[in-house]
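Here is the structure we will look at, set down as structure tokens.
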Amino acid sequence: MRIIDFRSDTLTQPTPSMRQAMAHAEVGDDVFGEDPTVNRLEEMAAECLGKEAALFVASGTMANLVCLLTHCNRGDEMILGDQAHIFFYEQGGAAALGGIHPRTIPNQPDGAMATDDIKAVIRPDNIHFPRTRLIALENTHNRCNGSPLTPDYMRSVGELARNSGLKVHVDGARIFNAAIALGVEVRELANQADSISFCLSKGLGAPAGSLVCGTRNFVAEARRVRKVLGGGMRQAGILAAAGIISLTEMVDRLADDHANARKLAEGLSEIDGLSIDPECVKTNILFFEVAHNDLTSQALVEQLDAEGVRTLLLGPKQLRAVTHYHLTSDDIEYALKIFRSILRNS
Ligand code: TLP
């Protein structure tokens, strides 16, 4: 059966050139700082994001946790959006392992937090209060339609943070999607961040791995935190080799994923019983609702699944679809046909 898998861009398989590079990677013990392929990837990542240094870690979750634990002490507070991946999908790891107190404020539909809202929750110096230490942003914002945050917005938050003595962390799991969607250099989206993480294993196609980028001092501390979390990966150059291909061969093609996501959204918006505003789709993630009295999202997911079209169930009416490099424009048309026939018969 033809399978069209929209569940996540994390499903992407390494490309043939990644497998080649992995097979031939020169490796060493990375805990000793002796893996030349990891070192090269870290240098490339730092250069690309305009930071002094970078650190290769196992996953996006580990990248965020390492950064939060490096910035904050126990009892410190971080300000983040109520839809943030860090808040929603990372087991509250910052609180569980670091004693970091999350202060959430609403994410706007475009993934931003209003700067006035941020300002309003920064704690004054008072013996009763935790100390506000950090503002965490997410770019693109997964649960907010994969929206990209603009350089202007990043600047306004950076300024507010500096004026208030706070640090800024950016969960940039899909920061390259943001840069491509906005037509800016990725470093323009990183320049306000004291730390920024990004993932190789989503739209960029590597089998595993994320990078943490920041100052040399920050990354040296982050390296200690990675070690205590069990993230010293030894001959990790096998993985880093694929990551180098991600950065050299897989960035520009993200524009195709965005075009496919838009095409899918436009097609879905024309189907009676489904609801989505294609204008909201700026990158490769789209959310849509079932607007049909006799159909739940669960039933729709199951019927799609039976036809080989896989989507992610998010709520009683909500589903998510993500485009990636295994999906072509033809796949989108094929999937739309299946959507149409299920909705017609419901
Ligand atoms: N997101 C995954 C799931 O966890 C929901 C997905 O399929 O989208 N930050 C952001 C913004 C993310 O979207 C993700 C993964 C992560 C961090 C965590 O990355 P991993 O899965 O590598 O730990």
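The values are calculated or read from the model by the stated rules, or taken from the named source; none is laboratory data. These figures come from a predicted structure and were not determined experimentally. When we count neighbours, we look across all protein chains shown, and the Cβ atoms used for this are built from the backbone with ideal geometry, even at glycine.
Checking residue 163 against (1) in a loop (DSSP other than H, G, I, E, B); (2) of a type outside the set (Gly, Ala, Ser); (3) without any contact (Cβ under 8 Å) to a residue 24 or more places away in the chain, only one condition comes out false. Which one? Evaluating residue 163 over (1) in a loop (DSSP other than H, G, I, E, B); (2) of a type outside the set (Gly, Ala, Ser); (3) without any contact (Cβ under 8 Å) to a residue 24 or more places away in the chain leaves (1) as the failure.
Residues 285, 245: which one is in contact (Cβ under 8 Å) with a residue 60 or more places away in the chain, assigned by TED's automatic domain parsing to the domain that holds residue 201 and among the β-branched types (Val, Ile, Thr)? After applying the criteria, what remains is 245. Filtering region 169-215 to residues that are within 16 Å of the ligand (Cβ to nearest atom), part of a strand (DSSP E or B) and more than 19 Å from residue 14 (Cβ to Cβ) leaves 169, 170, 171, 195, 196, 197, 212, 213.
Restricting the search to helices (runs of 4 or more DSSP H) fully inside region 232-325 and requiring at least 3 residues that are buried (at least 22 other Cβ atoms within 10 Å of the Cβ) and of a type in the set (Gly, Ala, Ser) gives 237-249. Hey, can you tell me all the residues within region 9-40 that are surrounded by 17 or more Cβ atoms within 10 Å (Cβ to Cβ) and within 16 Å of the ligand (Cβ to nearest atom)? 9, 12, 14 - these are the residues of region 9-40 that are surrounded by 17 or more Cβ atoms within 10 Å (Cβ to Cβ) and within 16 Å of the ligand (Cβ to nearest atom).
None of 149, 182, 160 is surrounded by 21 or more Cβ atoms within 10 Å (Cβ to Cβ) and not assigned by TED's automatic domain parsing to the domain that holds residue 280 except 149. Scanning region 164-182 for residues that are over 8 Å from residue 140 (Cβ atoms) and among the basic types (Lys, Arg) yields a single hit, 167.
Of everything listed in (1) within 22 Å of residue 109 (Cβ to Cβ); (2) of a type outside the set (Ser, Thr, Tyr); (3) crowded, with 24+ Cβ neighbours inside 10 Å, the single unmet condition for residue 198 is (1). Residue 133 passes every criterion in (1) over 19 Å from residue 251 (Cα atoms); (2) out of contact with any strand residue (DSSP E or B) (no Cβ under 8 Å at 6 or more places or on another chain) apart from (2). Residue pairs whose Cβ atoms lie under 9 Å apart, sitting 6 or more positions apart in sequence or on different chains, and linking a residue in region 66-84 that is on the phi > 0 side of the Ramachandran plot to a partner that is buried (at least 23 other Cβ atoms within 10 Å of the Cβ), are 75/100. Cβ separations smaller than 8 Å between residues 6+ apart or across chains give the following pairs from region 326-341 residues that are surrounded by fewer than 17 Cβ atoms within 10 Å (Cβ to Cβ) to residues that are modelled with pLDDT of 95 or more and polar (S, T, N, Q): 326/12; 326/13; 328/260; 329/260.
It is to be established whether one or more residues within region 79-94 are more than 15 Å from the ligand (Cβ to nearest atom), at pLDDT 95 or above and under 19 Å from the mean Cα position of the chain (by Cα).
Yes - at least one qualifying residue is present in region 79-94.
Looking at 248, 323, 296, just one residue is of a type in the set (S, T, N, Q), touching a helix residue (DSSP H, G or I) at 6+ places or on another chain (Cβ under 9 Å) and farther than 30 Å from residue 24 by Cβ, and that residue is 323.
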